[in-house]
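What follows is a single structure, written as structure tokens, with notes after it.
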Amino acid sequence: MTSRDIPHYETRTAICEYGRSLLDDDLTTGTGGNLSARLDEDRIAISPSGIPYADIKPADVPVVRTDGTVVEGETEPSTELPMHLAVYERRSDVGGVVHTHSPYATTFASLGEAIPASHYLLAFTGSEVPVTGYETHATEALGDAAVDALGESYNATLLRNHGVLTADGSLDDAYTVAQMVEYCARIHYQARAIGEPEILPDEEIDRLRGKLDSYGQ
Ligand SMILES: [Zn+2]
């Protein structure tokens, strides 16, 4: 099968490439974490379950309807499909979702502590990275907890005792947010280790959010 014969080839390729980046960027280990992109009103592409990121090919990447039915791809969708679908259902502005187990951010998730804005790049996600209550992985309850924490405007939340969920206008942007959350978590952890970091006020975060829309462009 050539790339022209594979529906949504570019998006499904991006899922493969960002999956490998999750490992290269130390945002997850093994087959942990998962990512997805909205294709249209009724369908998303999502990383498959249990396949090493190095081995996933575009034709493997499942295309799934919002009711959970798989319409393309030879593999099972990620077990966290319910959480991804919950985010797309609740947030019409979201075009991409990334879930990681990145170590510094997950450290705060295990403490049940939101990450405050001790670094200005936290403005990529909102005034803080909130944290959900604990729910078992791969359940609808976890999806409900995640969308409640994200609300209408946060681009990231910690999943208690588990990891991180980011959501933004595109998969590219959701991936950038996942990197920023881990970076800010690391800085906050380090700052707390030797002192008491100063937290930026909400007004400054609001001002930064406008500026960061053009970050890296
Ligand atoms: Zn997970």
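List of remarks:
- Candidate set: segment 71-89, residues that are over 16 Å from the mean Cα position of the chain (by Cα) and surrounded by fewer than 16 Cβ atoms within 10 Å (Cβ to Cβ); chosen: the one nearest to the ligand (Cβ to nearest atom): GLU76
- Restricting GLY210, GLY143, GLY126 to residues that are outside any loop (DSSP other than H, G, I, E, B), open to solvent by less than 40 Å² (accessible area, probe 1.4 Å) and not aromatic (Phe, Trp, Tyr) narrows the list to GLY143.
- Subset of segment 24-35 [within 13 Å of TYR175 (Cβ to Cβ) and either open to solvent by less than 20 Å² (accessible area, probe 1.4 Å) or in a helix (DSSP H, G or I) (or both)]: ASP24, LEU27, THR28, GLY33, ASN34, LEU35
- Count of residues meeting criterion [within 14 Å of the ligand (Cβ to nearest atom) and either assigned to a loop (DSSP other than H, G, I, E, B) or open to solvent by 40 Å² or more (accessible area, probe 1.4 Å) (or both)] in segment 90-123: 4
- Matching residues in segment 151-160 - criterion: being more than 16 Å from the ligand (Cβ to nearest atom) and surrounded by 24 or more Cβ atoms within 10 Å (Cβ to Cβ): ASN155
- ASP148 being open to solvent by 20 Å² or more (accessible area, probe 1.4 Å), closer than 29 Å to THR66 by Cβ, out of contact with any helix residue (DSSP H, G or I) (no Cβ under 7 Å at 6 or more places or on another chain) and acidic (Asp, Glu): yes
- Scanning segment 39-50 for residues that are in a loop (DSSP other than H, G, I, E, B) and at pLDDT 95 or above yields ASP42, SER47, SER49.
- Members of segment 61-70 that are buried (at least 19 other Cβ atoms within 10 Å of the Cβ) and β-branched (Val, Ile, Thr): VAL61, VAL63, VAL64
- Cross-chain or 6+ apart pairs with Cβ under 9 Å, segment 161-175 first and away from the ligand (no atom under 13 Å from the Cβ), then modelled with pLDDT under 95 and not β-branched (Val, Ile, Thr): ASP168/PHE124; ASP173/PHE124
- Qualifying residue in segment 173-188 (condition: open to solvent by less than 30 Å² (accessible area, probe 1.4 Å), assigned to a helix (DSSP H, G or I), farther than 29 Å from SER49 by Cβ and out of contact with any Asp or Glu (no Cβ under 8 Å at 6 or more places or on another chain)): yes
The values are calculated or read from the model by the stated rules, or taken from the named source; none is laboratory data. All figures in this text were calculated on a predicted structure; none of them were measured in a lab. Methodologically, a virtual Cβ is constructed for each residue, glycine included, from the backbone with ideal geometry; neighbour enumeration extends over all protein chains shown. These area figures cover heavy atoms from the full protein model, side chains too; ligands, DNA and RNA do not enter into them. Shrake-Rupley method; radii C 1.70, N 1.55, O 1.52, S 1.80 Å.
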